[in-house]
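K.L.:
First the structure, which I've put down as structure tokens, then a few questions once you've had a look.
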Amino acid sequence: MSSSDPLSEMTSLLLAAEESTRPDGKLFFCRKAIECSVKTLHYNFIGQYPDDANEWKFSTIMKKLESVCDEHVWKKTWRVYNSISAMREIHWTPSDSTPAKIKTNKIKSIQKEVKSLLEKSHGPIKKSISSKNFSGALNKVISEQLPKSSTIQSTTSESVELTISEKINLDEILSVAKISENLGARLDPNQVLKLGVAADLRGSPFAAEGYFRQAMQLFREINNKRGEWTGTEWTRVIRIFKAEL
């Protein structure tokens, strides 16, 4: 994470949570806003951002902040983050019987708490954001989420055994990507390509082909021949797989 206007990123994520019509989108963007806040606090108190590739883990960073951060902010950050995690587990558990009204009210409460916490930690949250910054923030969190599964590589659904956690993570990011596009975010072609792989891994070849075609078009628009060729190859592989269904 760079030091470039993290408040704009948090604003974008809160706006995305507010405008999302689906609970998984609201929870995802709230969680990412909290994570952005924690990384920014790490920078403010320790002088550098945590290394996303090697150092980032919420509990690890919170432990480092415990002795330097305001106690109230630290405790509330943990409480709100755990509330988001609990609601996420409920959402992705098909057998859960929590009434829809209770879930809706809990998510609304989480959104208010996240905004209050971020304003206490970083100052007033902006009421609007440019479309460029909005798209950039949503691209960033999608990019952060996809590499968490080691299976997002040049592979096909037939050669991969996914854990339950990996399945949930992929389902979540595919849902959030669709939500982001519906909110007007323009996704990066490299991320669109990875979304195609994710869709294939979840056994959705038609959705995967749609992402690969979209990536091809986006790469073509920026004259990225290598990216366009990669999208073309993936489309060819998916067509072969679909023909065998």
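K.L.:
Taking only pairs six or more apart or across chains, which ones have beta-carbon atoms under 6 Å, a first residue in the range 70-92 that is free of Cβ contacts under 8 Å to residues at least 60 places away in the same chain, and a second residue that is among the small types (Gly, Ala, Ser)?
P.N.:
Val73/Ser121
K.L.:
Oh, and also: Would you pick out the residues in the range 97-114 that are of a type in the set (S, T, N, Q) and not in a helix (DSSP H, G or I)?
P.N.:
Hits for the range 97-114 are Ser97, Thr98.
Here's the yes/no breakdown for (1) in a loop (DSSP other than H, G, I, E, B); (2) over 16 Å from the mean Cα position of the chain (by Cα):
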site	(1), (2)
Asp24	no, no
Thr40	no, yes
Phe45	no, yes
Ile61	no, yes
Trp78	no, yes
Arg88	no, no
Ser95	yes, yes
Ser116	no, yes
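K.L.:
Kindly evaluate Tyr49 against the criterion of being over 18 Å from Ser143 (Cα atoms) and aromatic (Phe, Trp, Tyr).
P.N.:
No, not satisfied.
K.L.:
Would you mention how many residues in the range 97-114 are closer than 21 Å to Leu183 by Cβ and within 20 Å of the chain's Cα centre (by Cα)?
P.N.:
Of the residues in that region, 6 qualify.
K.L.:
Return the total of residues in the range 107-132 being under 12 Å from Leu15 (Cα atoms) and touching a Ser or Thr at 6+ places or on another chain (Cβ under 6 Å).
P.N.:
Total meeting the criteria: 3.
K.L.:
Which is at pLDDT below 95 and under 12 Å from the mean Cα position of the chain (by Cα), of Glu172, Glu166?
P.N.:
Answer to the selection: Glu172.
K.L.:
Continuing with the same structure: Going by what's in this entry, would Leu138 be described as at pLDDT 90 or above and either within 19 Å of Ile179 (Cβ to Cβ) or assigned to a helix (DSSP H, G or I) (or both)?
P.N.:
Answer is yes for this residue.
K.L.:
To continue, here is another question. Can you name the condition, by its number, that His72 falls short on among (1) surrounded by fewer than 17 Cβ atoms within 10 Å (Cβ to Cβ); (2) over 18 Å from Leu118 (Cβ atoms); (3) of a type outside the set (Phe, Trp, Tyr)?
P.N.:
For His72, the exception is condition (2).
K.L.:
May I pose another question? Being of a type in the set (S, T, N, Q), over 13 Å from the mean Cα position of the chain (by Cα) and modelled with pLDDT under 90 is the requirement here; does Ser128 meet it?
P.N.:
Yes.
K.L.:
Here is a follow-up. Tally up the residues in the range 96-126 that are in contact (Cβ under 8 Å) with a residue 40 or more places away in the chain and either on the phi < 0 side of the Ramachandran plot or surrounded by 11 or more Cβ atoms within 10 Å (Cβ to Cβ) (or both), please.
P.N.:
Number of matching residues: 14.
K.L.:
Looking only at the range 141-163, filter to residues that are of a type in the set (D, E, K, R) and more than 22 Å from Val237 (Cα to Cα); which one of those is modelled with the highest pLDDT?
P.N.:
Once the filter is applied, the top-ranked residue is Glu144.
The values are calculated or read from the model by the stated rules, or taken from the named source; none is laboratory data. Note that the structure is predicted; figures quoted are calculated from it, not measured. Here Cβ is always computed from backbone atoms with ideal geometry, including for glycine, and neighbour counts include all displayed protein chains.
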